[in-house]
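For reference, the structure discussed in these notes is given below.
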Amino acid sequence: EIINLSYEKFDIIGNKYLIKAKKGILDSKRPNVVNMKIVEASLTYLNNERLIIYSKEAIFNKENFKTTFSKNVKLIYQEQTLESDYLEFLIDKNIAIFRDNVKYYNQDFEAFADIVNINLLTKEIDIKSKNQKKIKIKKNN
């Protein structure tokens with residue numbers, strides 16, 4: 001068991017990914033994998049904009065920095081917040097995939113969906129549903 005661990009990586013254009021956890025346990029069968037508890041991660045862009053991710057748990061690969069966040073996942077970027085059961089964060093592919101019970105909100109509206117994909121470079125958001133279900137969007141007053 002490792003207490004207060006952190007890992008840092010820069011992508012090809014210089015954005016910094018930092019992940020920290022209160023506790024981590026190395027996977028005995030997969031030496032590059034760390035099972036983390038009480039996790040905070042951030043992606044700091046060259047223009048100093050930051051997105052921050054919180055979760056109770058994460059499975060982190062030290063080799064490629066692929067991170068699967070779970071339990072109370074929350075991403076905050078400027079005035080926007082995304083929450084979900086799972087988040088697959090693929091820094092090497094510049095994509096974040098939120099799955100299951102996804103809620104996106106800002107001061108103007110809320111949206112509920114099954115899957116939300118974010119391009120981490122362009123910050124474009126793609127909201128999807130499973131089985132052609134409707135995506136629920138509610139405008140705030």
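For this structure, a couple of remarks:
- Assuming charge only on the beta carbon of Lys and Arg (+1) and of Asp and Glu (-1), the dipole of the chain about its Cα centre is about 360 debye to the nearest 20.
- GluC sites (Glu not before Pro) within the stretch 1-41, DSSP loop, no more than 10 other Cβ atoms inside 10 Å: Glu1
- Loop-located trypsin sites (Lys or Arg not before Pro) in the stretch 1-102, at most 11 other Cβ atoms within 10 Å (DSSP): Lys29
- Virtual spin-label span in nm between Ile38 and Asn119, 7 Å along Cα→Cβ: 3.8 nm
- Model label sites at Asn64 and Asn4, defined 7 Å from Cα along the beta-carbon direction, differ in position by 3.3 nm.
- Remark: relative contact order (the chain) = 13 percent; criterion is Cα-Cα distance under 8 angstrom and separation of 6 or more residues.
- Distance between the C-alpha centres of the stretch 74-97 and the stretch 1-60: 13 Å, rounded to the whole angstrom.
- Overall Cα dimensions of the stretch 24-117, principal axis frame, Å, largest first: 46, 31, 22
Just so you know, all these numbers are worked out from the coordinates, no wet-lab data involved. Not measured: the values here are computed from a predicted model. Every residue, glycine as well, gets a Cβ built from its backbone with ideal geometry; the counts of neighbours run over all protein chains shown.
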